[in-house]
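The values are calculated or read from the model by the stated rules, or taken from the named source; none is laboratory data. Keep in mind that this is a model prediction, so the values were computed, not measured. Cβ placement follows ideal geometry from the backbone for every residue including glycine, while neighbour counts extend to all protein chains displayed. Note: areas computed on protein heavy atoms with side chains; ligands, DNA, RNA excluded. Shrake-Rupley method; radii C 1.70, N 1.55, O 1.52, S 1.80 Å.
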Amino acid sequence: MLARTVTHALVGLDARRVDVEAHLQLGVPAFAIVGLADRACQEAKERVRSGIASAELEWPQRRITVNLAPAELRKEGSGFDLPIALAVLAASRQIPPDALLGHAAVGELSLDGRLRPVGGALAAAEGARRSGLRKVLCAAESAAEVALAGVEPIPVPHLGDAVEYLRGDAPPLSWSAPEPVAPPPVADLAEVRGQERARRALELAAAGRHNLLLGGPPGTGKTMLARRLPGILPALDEEAALDVSRIHSVAGLLPPDRPLVWMPPFRAPHHTASTAAIVGGGPHLRPGEASLAHHGVLLLDELAEFQRPALEALRQPLEDGVVSIARAAGRVVFPARFQLVGTMNLCPCGARGDPGAECSCSPQRLARYRDKLSRALLDRVDLVLAVPRARAHDLAGIAGEASAVVRVRVEAARRRLEAERPRRTTEADALLTRAVERLPLSGRGRARVARVSATIAALAGADAVLPEHVAEALSYRSPLERAA
């Protein structure tokens, strides 16, 4: 006896159709899973056996072979539990095999038969839609996520509920979209006193989606400023929100009460993070911090303390907006169009740039410290700013503008840039040309200065890029040691 059901395997963010075939024949009772299944998938044998018994269904006393086709596609994870269980039950005629037509299934079985959600349910549901399947059996916690793909979720808290539904003994459980949950509060710019130039740089970075590097002695507020960038970023549009939600779903980070991520993500990995943790990869080719920050901000606090290979691996996504990972197991491409924000001291001891302290670093130690950041990486940073220590009267002064006020200007500037990027006047173009000749400015650097000057013009509401806009953009290209 043979029966089939459909599920999907994840290859990066792409869901590939997998036909789960269960065949029962006479012989010594046994249970085998074939089709290039990893260890978690092979362990489904025990979860499926216990789940079927807990649902008070009959375990077939036959030789059971489950084939996951196509056989050359690697299958990973526990999301195959439910489709394997349903295929076995259909092959043993405990549910009508035809009832599985038009359905896909995804979910992990607990030993008592309950369904647990799995990562990548959104991508799997999108794969079902592309396969022409309009219903997806899943855990109740995954229903809202599956619905984002434009298919009908069939939430089943327990394997027994799935069997009753497929037998026609019970209608599918109803579900409703979760009530909108307010995003967690973000730090407000109103808490920052002084540092007007740094606040200006944050506003420019938000309006033009520019990369930003803040340097200076410890305690000047570099990290505090960087963590306030998310508060002035506009909400994501529907397409971008779906892109971000898909990535976070595959990574298993999508909260059930917020299946759609509307706010730009903010990721801040520790400086001990490996290259695979930053850009993705590993044995299972999962997205890294760069992809989890897609359409948002990747903060690298203490930038010079990160491993140089991890930093150099960011050069491709900073330029192309994607991470391409090739391994013997296959090749995947993850989207990674993020804003890089880095903070760092100006020297290893941290005293450089502080008028109240004396730097004790030798020239050799200072050179090694600066060599951690290649020129190729720094060339991809649009805004470089040395943050000075705030003066006493600034700290005692009144609070600055709130993030909500700045966000209004940022949104207006983005609309101007998207409608029509301001053109440079002849004088502004001449200034930019002279800067290329006199400064160590590469072709990439010239293009980035042009982008920043267009952002400055958009924030000012100007119809054209003027020389003063180019001059301000050029002021953010100075190396940190010179800016200090």
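Using Cα pairs closer than 8 Å and at least 6 residues apart in sequence, work out the relative contact order for the chain, in percent. Don't jump to the answer; show the numbers that get you there.
Details: 1005 pairs, mean separation 64.4, N = 484.
It comes to 13 percent, rounded to a whole number.
Normalising the average separation of contacting C-alpha pairs (under 8 angstrom, six or more residues apart) by the number of residues puts the relative contact order of the range 246-400 at 19 percent. Note on surface exposure: PHE266, PHE31 rank PHE266, PHE31 by accessible area, highest first, 1.4 Å probe.
Against the chain, whose longest principal axis is taken from its Cα atoms, helix 403-419 shows a tilt of about 80°. Scaling the Cα radius of gyration of the range 320-446 by the globular reference 2.2 N^0.38 Å produces a ratio of 1.50.
Rounded to the nearest 10 degrees, the inclination of helix 81-91 to the longest alpha-carbon principal axis of the chain is 20 degrees.
Under a Cβ-Cβ cut-off of 13 Å, what is the net charge of the residues other than ALA226 that fall near it, where Lys and Arg count +1 and Asp and Glu count -1? Please report the intermediate quantities before stating the final value.
Details: positive: ARG199, LYS222, ARG227, ARG228, ARG267; negative: ASP301, GLU302.
Once all neighbours under 13 Å are counted, the net charge is +3.
Lysine pair count for the chain with Cα-Cα distance under 28 Å and sequence separation of 8 or more or different chains is 4.
Estimated at the nearest 10 Å², the accessible area of MET344 is 10 Å² with a 1.4 Å probe. Taking the C-alpha atoms only, the angle from helix 44-54 to the longest principal axis of the chain is near 60 degrees.
Hey, any idea what % of the range 1-153's accessible area is carbon plus sulfur with a 1.4 Å probe? Please list the in-between numbers first.
Values: 2960 of 6030 Å².
The computed percentage sits at 49.
Give me the net charge for the shell around GLU401: Cβ to Cβ below 12 angstrom, other residues only, Lys and Arg +1, Asp and Glu -1. Value of the local net charge: +2.
Just subtract the alpha-carbon distance of ARG167 and ASP14 from 0.36 nm times their residue separation and send over the number in nm, one decimal. Display every interim value, and only then the final one.
On the way: separation 153, 0.36 × 153 = 55.08 nm, distance 3.17 nm.
Length gained between ARG167 and ASP14: 51.9 nm.
For the range 424-469, the spread of Cα coordinates along the three principal axes comes to 30, 18, 11 Å, biggest extent given first. Over the chain, accessible surface divided per residue gives 45 Å², non-protein components excluded, 1.4 Å probe. Enter the Cα centre distance for the pair the range 293-338 and the range 233-288, rounded to the nearest angstrom. Centre-to-centre distance over Cα atoms comes out at 12 Å.
Based on alpha-carbon atoms only, what is the radius of gyration of the chain relative to the globular estimate 2.2 N^0.38 Å?
Values: Rg = 27.5 Å, N = 484, 2.2 N^0.38 = 23.0 Å.
Compared with the compact-globule rule of thumb, the chain sits at 1.19.
Place the peptides 461-468, 282-289 in order of packing, highest mean first, counting for every residue the other Cβ atoms within 10 Å and averaging per peptide.
Listed from highest to lowest mean packing, they are 282-289, 461-468.
Across the range 49-142, C-alpha contacts under 8 Å between residues 6 or more apart give a mean separation that, scaled by the residue count, equals a relative contact order of 29 percent.
Extension gain ARG365-VAL436, at 0.36 nm per residue separation less the Cα-Cα distance, in nm? Could you put the intermediate results ahead of the total?
Working: separation 71, 0.36 × 71 = 25.56 nm, distance 3.09 nm.
Extra length from ARG365 to VAL436 when fully extended: 22.5 nm.
At a temperature of 37 °C and a viscosity of 0.692 mPa s, determine how fast the range 1-160 diffuses translationally according to Stokes-Einstein, using the Kirkwood radius over alpha-carbon pairs as Rh; express D in µm²/s, rounded to the nearest whole number. In µm²/s, the coefficient rounds to 217. Our note on the geometry: Cα centres of the range 131-160 and the range 172-215, 32 Å apart.
Of all DSSP beta bridges in the chain, what percent run antiparallel (nearest 5)? Intermediate results must be reported in sequence, preceding the final value.
Details: 27 of 56 bridges.
So the antiparallel bridges amount to about 50 percent of the total.
Tally Lys/Arg at +1 and Asp/Glu at -1 over every other residue whose Cβ is under 12 Å from the Cβ of VAL48; what's the total?
Values: positive: LYS45, ARG47, ARG49; negative: GLU43, GLU46, ASP81, GLU108.
Computed value for this residue: -1.
Note on exposure: TRP59, TRP175 ranked by accessible area (1.4 Å probe, complete protein assembly) read TRP175, TRP59, with the most exposed listed first.
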